[in-house]
Amino acid sequence: MATLKDTFSTITSWAGDIVNLGLALALVFLIVDILFPGTTGIVGNVADLVSEFTSEGLVGLITFIVFLSIYR
């Protein structure tokens with residue numbers, strides 16, 4: 001029987017793998033969108049996401065910085 005620590009470790013590992021897969025797919029979509037403009041629309045979506053954070057002024061900028069620091 002697995003301990004609680006092992007269970008959380010497994011879940012954390014799975015979550016990290018899913019995030020890494022998502023980032024890899026985003027990179028692939030970005031490359032496809034650069035080679036064939038307008039195919040995936042990821043460049044526009046990322047630009048919209050950044051503008052949503054920055055349109056809120058200082059609070060949005062701080063939130064964006066916190067989000068990036070948590071990701072790293």
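Residue-wise test of (1) within 19 Å of L68 (Cα to Cα); (2) in a helix (DSSP H, G or I); (3) out of contact with any strand residue (DSSP E or B) (no Cβ under 8 Å at 6 or more places or on another chain).
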position	(1), (2), (3)
T7	no, yes, yes
W14	no, yes, yes
N20	yes, yes, yes
A26	yes, yes, yes
T40	no, no, yes
All positions within segment 14-43 that are surrounded by 10 or more Cβ atoms within 10 Å (Cβ to Cβ) and among the small types (G, A, S): A15, G16, G22, A24, A26, G41
Residue under evaluation R72, criteria (1) modelled with pLDDT under 80; (2) surrounded by 10 or more Cβ atoms within 10 Å (Cβ to Cβ), criterion not met: (2)
Breaking point among (1) touching a Phe, Trp or Tyr at 6+ places or on another chain (Cβ under 6 Å); (2) at pLDDT 85 or above; (3) of a type outside the set (K, R), for V28: (1)
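The values are calculated or read from the model by the stated rules, or taken from the named source; none is laboratory data. These numbers come from a predicted model, not from an experiment. Don't worry about glycine lacking a Cβ; one is built from the backbone with ideal geometry, like all the others, and counts go over all protein chains shown.
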